[in-house]
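Single-structure report; data block below.
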Protein chains: 2
Amino acid sequence: MAILVVGSVALDDVETPFGRRESALGGAATYFSLAASYFIDVQLVAVVGRDFPESHVELLGSRGIDLEGLQFVDGETFRWGGKYGYDFNARETLFTHLGAFAEFQPQIPASFRKTPNVFLANIHPRLQLDVLEQVDRPLLSALDTMNYWIERTPVELRAAIEKVDILIINDSEARMLAGEPMLRQAAARILDWGPEFLVVKKGEDGAVTFSKEGIFAVPGLPLDSIVDPTGAGDSFAGGFLGYLAASGDRSSHGLRRATIYGSAMGSLCCEAFGTEKIVDLEPHEIEDRFQEYKRLTHFEHAPILLNA
Amino acid sequence: MAILVVGSVALDDVETPFGRRESALGGAATYFSLAASYFIDVQLVAVVGRDFPESHVELLGSRGIDLEGLQFVDGETFRWGGKYGYDFNARETLFTHLGAFAEFQPQIPASFRKTPNVFLANIHPRLQLDVLEQVDRPLLSALDTMNYWIERTPVELRAAIEKVDILIINDSEARMLAGEPMLRQAAARILDWGPEFLVVKKGEDGAVTFSKEGIFAVPGLPLDSIVDPTGAGDSFAGGFLGYLAASGDRSSHGLRRATIYGSAMGSLCCEAFGTEKIVDLEPHEIEDRFQEYKRLTHFEHAPILLNA
């Protein structure tokens, strides 16, 4: 059992009030792969340039990630630079150099094509559709996207969304995508297009999952310290889909647990720079975080007489 | 058993994408009183002008609110005008005419001075201190405030906060008040000043309560429709303190239930203009909303083998 992920692997320059890192391992597919690797075997399909450090390859390998689909091409690796102030929900992008990623044509190795679980990280929806063509119909498929594609490639994006089981996006993107200001109505519309689940990420404010069976919401866990939120959303997706794929439990209970494991991985990711925390977790740290969410949110009813 | 509330009663002009109302019954103490009245008897201390409509007095009376402390003075009632777009977390204040409220000197009727529960809605912290001088030491006291007082009257505000059991404020105010960008650290600092509980309201994103025993968070409930969020925060406070005062349960369990009843009243408030919904609820609507929060947030652990 494994999950296939297709998306970006990048070199990030990040600055926060707590420090900075240069050419750190980044990219949506990186964070997803690392987070999912605690739950299930991961197969990565991505492209990097010849400048991609061997140490980063080793780091991905240290989590057992299958790198057969990692293409090395002439040119530079995708580079992103960003800066955060104390309001970690707002970040400033300093630069985006697509490099080799601009010409990315995902080629799924033959040994990955029957993989039953597929995550399409945030790339051009045409490429997401192309990956779905290359693989045998998976048991579980999910995609992430962003406002850029919602605005520029709505037809291809809609076609991709109709083909997957799960859409994972953020709050404002969900409203924009559906053309509905109210999240609940936006979710109903998106689920009508085909996906079984809609997962809405809200950053520091948690996440909400929608399905035909109802709504589940988890609040943000107030952390002792947020060092760097880069990759939290993709780590969330890794924990969420990693759990769902490994457990095979798509009931309401499974969906709820997946949302908590996603939140656990996203929140753990924020506690150190880049991938530094999620590359080297003990399983009990993930379980402890799950239980922390339980303590954070648990309550019980007790009878009280209300005045009419 | 009763709760005493001191604060504003106002006439509101409100416009949202769904309609408008003029000279509607508003004000923090109004919303608090109506919401709390389902849990406990309410004694209201406020000031209005001679222009305050008899129909609004009757409306408050219809919920059994004790109006002995409602002063009628020469001059106009406090008027507030506001406008919302589809992003209900952002509102535009069109005007604020303090009128009689500018000279408000709370006078607590003799029959209210032994009331064991007191809520000081958002007024000048000097007046909040003055009210605390006038009453016998209550079992349970709470105050709300805003950025205006945090910036302009920090010394008096701090003195008031040190005297109450519970501080109820919003997210950005908590950070500003403590001078800490991280909410968890801001909360620890504020609890060091004296309050037993800190309640942080996050609008559409729910609420978080902090105490020495830990943190409880409830996410926002995605509503079918938000008609008008005016008064949601004060309705939250009414449900929260109404439950806490009526149950007398200040354990971690009681605090959690109070947060849910607060969220229930705040969310119900948003579903109609102004006070129109919370003035006329059936007790089962409040219990149903409590259970809706339970379904929204409940999850259970199930064993899964994580990869080291």
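The values are calculated or read from the model by the stated rules, or taken from the named source; none is laboratory data. Note that the structure is predicted; figures quoted are calculated from it, not measured. Cβ sites come from the backbone with ideal geometry, for glycine too, and all protein chains shown count toward neighbours. Ligands, DNA and RNA are excluded from the accessible area calculation, which covers all protein heavy atoms including side chains. Shrake-Rupley method; radii C 1.70, N 1.55, O 1.52, S 1.80 Å.
Brief remarks follow.
- For A:GLU196: the one exception among (1) within 11 Å of another protein chain (Cβ to nearest Cβ); (2) open to solvent by 30 Å² or more (accessible area, probe 1.4 Å); (3) touching a strand residue (DSSP E or B) at 6+ places or on another chain (Cβ under 7 Å); (4) over 21 Å from A:LEU296 (Cα atoms): (1)
- Of everything in the range A:203-235 that is crowded, with 21+ Cβ neighbours inside 10 Å and of a type in the set (S, T, N, Q), the residue that is nearest to the other protein chains (Cβ to nearest Cβ) is A:THR209.
- Every test in (1) surrounded by fewer than 24 Cβ atoms within 10 Å (Cβ to Cβ); (2) in contact with a Phe, Trp or Tyr (Cβ under 7 Å, 6 or more places away or on another chain); (3) of a type in the set (Gly, Ala, Ser) is passed by A:SER23 save one, and that test is (2).
- Selection from the range B:42-79 of residues that are out of contact with any strand residue (DSSP E or B) (no Cβ under 9 Å at 6 or more places or on another chain) and charged (D, E, K, R): B:GLU54, B:GLU58
- Any hit, the range A:55-62, residues being within 14 Å of another protein chain (Cβ to nearest Cβ) and surrounded by 24 or more Cβ atoms within 10 Å (Cβ to Cβ): no
- Scanning the range A:236-256 for residues that are buried (at least 23 other Cβ atoms within 10 Å of the Cβ) and either out of contact with any helix residue (DSSP H, G or I) (no Cβ under 7 Å at 6 or more places or on another chain) or within 9 Å of chain B (Cβ to nearest Cβ) (or both) yields A:TYR243, A:ALA245, A:ALA246, A:LEU255.
- Residue check, B:GLN105 under 28 Å from B:VAL73 (Cα atoms), open to solvent by 70 Å² or more (accessible area, probe 1.4 Å) and without any contact (Cβ under 8 Å) to a residue 60 or more places away in the chain: yes
- Filter result for the condition that a residue is modelled with pLDDT of 95 or more, aromatic (Phe, Trp, Tyr) and either more than 20 Å from A:LEU268 (Cβ to Cβ) or open to solvent by 40 Å² or more (accessible area, probe 1.4 Å) (or both), over A:PHE39, A:PHE52, A:PHE32: A:PHE52
- Subset of the range B:159-191 [more than 14 Å from chain A (Cβ to nearest Cβ), among the aliphatic types (A, V, I, L, M) and either without any contact (Cβ under 8 Å) to a residue 24 or more places away in the chain or part of a helix (DSSP H, G or I) (or both)]: B:ALA159, B:ALA160, B:ILE161, B:LEU177
- Qualifying residues in the range B:138-158 (those that are part of a helix (DSSP H, G or I) and closer than 15 Å to B:ALA121 by Cβ) - the one most open to solvent (accessible area, probe 1.4 Å): B:TYR148
- Restricting attention to the range B:1-20, the residues being within 18 Å of B:CYS269 (Cα to Cα) and surrounded by fewer than 17 Cβ atoms within 10 Å (Cβ to Cβ) number 4.
- When residues of the range B:117-136 are limited to those that are open to solvent by 20 Å² or more (accessible area, probe 1.4 Å) and polar (S, T, N, Q), the one nearest to B:TRP149 (Cα to Cα): B:ASN122
- Within the range A:276-293, if we keep just the residues that are away from chain B (no Cβ under 11 Å) and within 27 Å of A:ASP12 (Cβ to Cβ), the residue that is most open to solvent (accessible area, probe 1.4 Å) turns out to be A:GLU276.
- Candidates A:PHE273, A:PHE299: the one that is within 10 Å of chain B (Cβ to nearest Cβ) and either surrounded by fewer than 22 Cβ atoms within 10 Å (Cβ to Cβ) or farther than 27 Å from A:GLY26 by Cα (or both) is A:PHE299.
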